[in-house]
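What follows is calculated from the coordinates using simple rules that are stated; it is not laboratory data. All values reported here derive from a predicted model rather than from experimental measurement. Cβ sites come from the backbone with ideal geometry, for glycine too, and all protein chains shown count toward neighbours.
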Amino acid sequence: MTLSQLKRGDSGVITRVNTTDVILAKLASRGIVPGARVNILAHGNPCLIATNNDEWALSDHEASGIHVTRDSGAVSKLKSLFNWS
């Protein structure tokens, strides 16, 4: 599953990043690397994510190259915390 497939309120852990070296360097400088936990704040193009106490906007192209393992437990917690359905 890629970051672009997650919806608002979903979270996961980055497992791998498949993209160009230039984009990879940009993402790495922001802490968007394998092992990092990400939360989806807004879904779409751009996609707004939170990681390492920072928020970043990613294009659909960037988000589609970031593979994640979805964390369903955190999804429920976020949805209940922010009253999302």
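Quick look at the numbers
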| quantity | calculated |
| --- | --- |
| Residue order, fewest to most surrounding Cβ atoms within 10 angstrom, among Asp71, Asp21, Asp10, Asp54 | Asp21, Asp54, Asp71, Asp10 |
| Cβ-based exposure ranking for His61, His43, in which fewest neighbours within 10 Å come first | His61, His43 |
| Residue-count net charge about Thr20 - beta-carbon cut-off 14 Å; Lys, Arg +1, Asp, Glu -1 | -1 |
| Summed side-chain charge close to Ile32 - residues other than Ile32 whose Cβ falls under 14 Å, Lys, Arg +1, Asp, Glu -1 | +1 |
| Region 3-81 - percent relative contact order, Cα under 8 Å, separation 6 or more | 42 |
